[in-house]
Amino acid sequence: MKKVYLLIIILASFHGFRATGQNSRNCGTMEYLSEQMANDPELTFRMEAIEREVDQWISNNHNQRVQAIITIPVVFHVVYSTSAQNISDSRILAQLDVLNKDFARLNADASSTPSVFQGVSVNTNIQFCMAKRDPSGNATTGIIRRQTTTSSFSSNNNVKFTSSGGSNAWPASSYLNIWVCNLGGGLLGYAQFPGGSASTDGVVVLYSSVGSPSVPGTATPYHLGRTATHEVGHWLNLRHIWGDSYCGNDQVSDTPTQQTSNGGCPSFPHVTCSNGPNGDMFMNYMDYTYDACMNMFTAGQAARMTASLNGTRSSILTSLGCTPPSGGGTCGVPSGLNATSVTSSSATLNWSSVTGATSYNVRYKPTASGTWTNTTSTTTSKAISGLTSSTPYDFQIQAVCGATTGSFSGSGLFTTLSSSGCTDTYESNNSSSTAKIISVNTDINALISSTTDLDWYRFTTTSPNTYIQLTLTNLPYDYDVRLYSSGLSLLATSQNGGTLSETINRNTSVAGTYYVRVYGYNGAYSTSQCYKLRVNTRSSAWRLEPPMSNANKDKLFSSVIAIPNPSSSQTIFEFLADIPGTASIKIVDVTGRIVHSGNLEVEEGINSWNMDVSELNNGMYMIMMNLPGEHRTSRFMVQH
């Protein structure tokens, strides 16, 4: 309760603090919230209740890693006084595509996320569709156009009412309203948090910020559609990443504390508020950087948004806005997109029929490309060829009903096979939320087909076969592998150099679900050679016998060997145990503070234990190990 109350006080007094990042975007959401609270004193208490609701939902669902996809109907209100402000349908559809890709982590620049933040970068499982049914049940394109004599709007909500030169909101219980207009005072956009009036609920964005990399706006460097992504994040209850205070709290645990907003495109790492070595998460959509520098939401932010959609905004879950009315007067939108007969150079695209359609427009492109290839079909499928091997593709379908043309569908996705015939049947699995289930004691063959390709899997162990050995072999380049718990805590990493095979042994007898992440070191990939992943389980511990130099063998009788020493990332601790059993481990810094503790099952003979030290500060540390019948200590250095 204290945390929520303090949060509301901070928000209510926001006019006393303003972000100081240079060359940064101008988001008016917090100023708008301050005005709302001044005009509606009860809003503070409603937002307190919403915060408690969000905390409770996250607490009750924190172990549920795979959420159903939630699709939100969107209506765009284009309010214009000049022809330039009356942006085209293609710009609006391109903006919708940006929203869908950003929220699904299918954005082409996802690979730009620093590796230290890749593990918390997620598909939010939130998507958006153009409204197909209006509040009266009639067919619609989801685009409302209103000409106005108002040359520019501010954050006073005039754009949200026809009587003041704008366009009335559609019911907030069923639609996300996005107003597109000319905003004055350098304002890029503003949004309404959950808890405000339904008549003003939604997002407002500057018309020239609407677009995508392939159909950009003109508000450079805020012209690639990320203003809408940022403001929709607010609409779903996300705060600015710096917490709108000096080293503030954005109510999300996996975003680093940072001093204030970041503008432009900072160099990584940008350290503030003692948040080294990784520094600010300035590439987060909720910072103030340029559009081209934003590329991620975190798992914690996704949980907060999903909590909003299962709480105060839950009515939108049953909205019929995405479903065209039967017998409607306009051409519907194809659904059920899928690809079959996929080879290294061809595929057959399929979709469901639309009532009244006489033909279909088909367009497809590599996911990373901004250029579509267009074709047509008179049936509900289309064979395409001339594709590039081992490449992710998007495709969209548009129905033609005589003289009436519907809107393009959302994107269907598929990945072509490699030219060698290596078949990757697990895509798309680029995030923990889309991890594919695999069987234990079975070979898994798959591709890392591009610099943006990350492969996530999950498997389950059952008693008594709870000891895990994970191997990654047949590597075309330098690939690494990580093992995570069901809660996505990192358990171990194997990152040998070059094409050496990777192995992780997990000798902790815990039955449950685990996650595996395979990735190319420094963007390594191959479009032709599959790697082989295998997860073996058994009822007894795996023997750990790493390569050992003669010099280190003598030291093992009295010490613990750290390799390498000093280390900046992964450290292997080698030691000798006289008898099998359980060892307790503590890592202590020079002040005597315990920075890590845990238990490890050991076998008689040479053992090893891996630890990721990348999060530790530079300096000297001591490892203290209580083995069955003996005690070992040793010093090691962390140096980044």
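Output wanted: per-residue J couplings in Hz (rounded whole) for region 573-588, from phi through Karplus 6.51 cos²θ - 1.76 cosθ + 1.60, θ = phi - 60°, x for Gly and Pro.
So the Karplus estimates, Gly and Pro as x, are 9, 9, 7, 10, 10, 6, 9, x, x, 10, 9, 9, 10, 10, 10, 10 Hz.
Treating only the Cβ atoms of Lys and Arg (+1) and Asp and Glu (-1) as charged, compute the dipole magnitude of the chain about its Cα centre; round to the nearest 20 debye.
840 debye
Applying a 10 Å radius around every beta-carbon, put 149-161, 304-316 in order of their mean neighbour count, most first.
With the highest mean Cβ count within 10 Å placed first, the list reads 304-316, 149-161.
Place a +1 charge on the Cβ of each Lys and Arg in region 220-292 and a -1 charge on the Cβ of each Asp and Glu, then give the dipole magnitude about the Cα centre in debye, rounded to the nearest 20.
That gives a dipole near 40 debye.
Find which of Val602, Leu33, Ile572 sits farthest along the positive direction of the dipole of the chain, computed with +1 on the beta-carbon of Lys and Arg, -1 on that of Asp and Glu, about the Cα centre.
It is Leu33.
Net charge near Ile397: determine it from the other residues with C-beta under 12 Å of the C-beta of Ile397, scoring Lys and Arg +1 and Asp and Glu -1.
So the surrounding residues net to +1.
List every residue whose amide H lies under 5 Å from the amide H of Arg105, counting only residues 5 or more places away in sequence or on a different chain, with H placed 1.01 Å from N in the peptide plane.
Here the answer is Thr124, since their amide H atoms fall under 5 Å of that of Arg105.
Each residue of region 506-520 in order: what ³J(HN,Hα) in whole Hz does its phi give by Karplus 6.51 cos²θ - 1.76 cosθ + 1.60, θ = phi - 60°, with x for Gly and Pro?
With coefficients 6.51, -1.76 and 1.60, one gets 10, 9, 10, 7, 10, 6, x, 9, 10, 10, 10, 10, 10, 8, x Hz.
Rg to Rh for region 338-415: what is it, with Cα atoms only and Rh by Kirkwood?
Reported Rg/Rh, Kirkwood definition of Rh: 0.97.
Tell me the net charge near Asp201. Cut-off is 11 Å between Cβ atoms, Asp201 excluded, with +1 for each Lys or Arg and -1 for each Asp or Glu.
Around Asp201, the charge tally is +2.
In percent, how large is the relative contact order of the chain, given Cα pairs closer than 8 Å and 6 or more residues apart?
10 percent
Which value, in Å³ per residue, describes the convex hull spanned by the Cα atoms of region 159-292?
Each residue corresponds to 127 Å³ of Cα convex hull volume.
If you bin the C-alpha pair distances of the chain every 20 Å from 0, what whole percents do you get?
Result returned by the calculation: 17, 47, 29, 6, 0.
Gln495: net charge of surrounding residues, Cβ under 10 Å, Lys/Arg +1, Asp/Glu -1, itself excluded?
Here the count lands on -3.
Take each of the peptides 96-109, 259-272, 225-238, 495-508, average the number of other beta-carbon atoms within 10 Å over its residues, and list them starting from the highest.
So the order, starting with the most tightly packed, is 225-238, 96-109, 259-272, 495-508.
Over region 2-318, with a single point scatterer placed on each C-alpha, what log10 of the ratio I(q)/I(0) does the Debye formula yield at q = 0.15 1/Å?
Calculated log10 I(q)/I(0) at the listed q: -1.27.
Is region 114-168 rounded, prolate or oblate when judged by the Cα gyration tensor, a ≥ b ≥ c being the square roots of its eigenvalues, rounded requiring a/c under 1.5 and prolate requiring a/b larger than b/c?
Oblate, since a/c reaches 1.5 and b/c is not below a/b.
Could you please rank Ile50, Ile594, placing first whichever residue has the fewest other Cβ atoms within 10 Å of its Cβ?
Ile594, Ile50
Which of rounded, prolate, oblate describes region 432-538, given a ≥ b ≥ c as roots of the alpha-carbon gyration tensor eigenvalues and a/c under 1.5 marking rounded, otherwise prolate only if a/b is larger than b/c?
Because a/c hits 1.5 or more and a/b exceeds b/c, region 432-538 counts as prolate.
Counting each DSSP H run of 4 or more residues in the chain as -39500 (n - 2.57), what helix-only mean residue ellipticity at 222 nm follows after dividing by all residues, to the nearest 500 deg cm²/dmol?
Value at 222 nm, helices only, nearest 500: -4000 deg cm²/dmol.
Does region 290-352 come out rounded, prolate or oblate by the C-alpha gyration tensor, with a ≥ b ≥ c the root eigenvalues, rounded set by a/c under 1.5 and, if not, prolate when a/b is larger than b/c and oblate if not?
Cα axes put region 290-352 in the oblate bin.
Give me, ordered by chain and number, the residues 5 or more places off Tyr479 or on other chains with an amide H under 5 Å from its own placed amide H.
For Tyr479, the qualifying residues are Tyr521.
Would you work out the Kirkwood radius for region 550-638? I mean one over the mean of 1/r across all pairs of different Cα atoms, in Å.
Evaluated on region 550-638, it is 13.1 Å.
Can you give me the long-range amide H partners of Thr416? Hydrogens built in the peptide plane at 1.01 Å from N, cutoff under 5 Å, separation of 5 or more residues or another chain.
Answer set, sorted by chain and number: Ser390, Thr391, Tyr393.
Go through region 299-304 residue by residue and turn each phi into a ³J(HN,Hα) via Karplus (6.51, -1.76, 1.60, θ = phi - 60°); whole Hz please, and just put x for glycine and proline.
These are the phi-based 3J(HN,Hα) values: 4, x, 5, 4, 4, 5 Hz.
Read-outs: derived from the displayed coordinates by stated rules, not from any lab. Please read all numbers here as calculations on a predicted model, not as lab measurements. Cβ atoms come from the backbone with ideal geometry, glycine included; neighbour counts cover every protein chain shown.
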